[in-house]
Amino acid sequence: MSEKKHTFRVIWSEEDGEFVGLCDAYPSLSWLAPTRKEALQGIRNLVESIVAELESSGEDMVRE
């Protein structure tokens, strides 16, 4: 995976009744989970997988 640093956060969604994991660099991605820990791990894994896929195809979604 790229050496880029990402900022992750977890918020509570009253509407969903779960925690939402978010990544500032990828605002269209999110991960719902019943605990903060699971939401954070879920969004981190999702971003890692997306970034790896993009890098293997020579693309880069993030404009930093």
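Results, tabulated for the structure shown:
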{"read-out": "Residue satisfying condition, being acidic (Asp, Glu), surrounded by 13 or more Cβ atoms within 10 Å (Cβ to Cβ) and either free of Cβ contacts under 8 Å to residues at least 60 places away in the same chain or touching a His at 6+ places or on another chain (Cβ under 7 Å) (or both), within set GLU15, GLU48", "value": "GLU48"}
{"read-out": "Where a residue in segment 26-38 is more than 18 Å from LEU54 (Cβ to Cβ) and its partner, wherever it lies, is of a type outside the set (A, V, I, L, M) and in a loop (DSSP other than H, G, I, E, B), with Cβ under 6 Å and at least six apart", "value": "LEU32/ASP16"}
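The numbers here are math on the coordinates, done by the rules we state, and not lab data. Given the structure is predicted, the values throughout are model-derived calculations rather than measurements. Note that each Cβ is placed from the backbone with ideal geometry, even for glycine, and that neighbours are counted across all protein chains shown.
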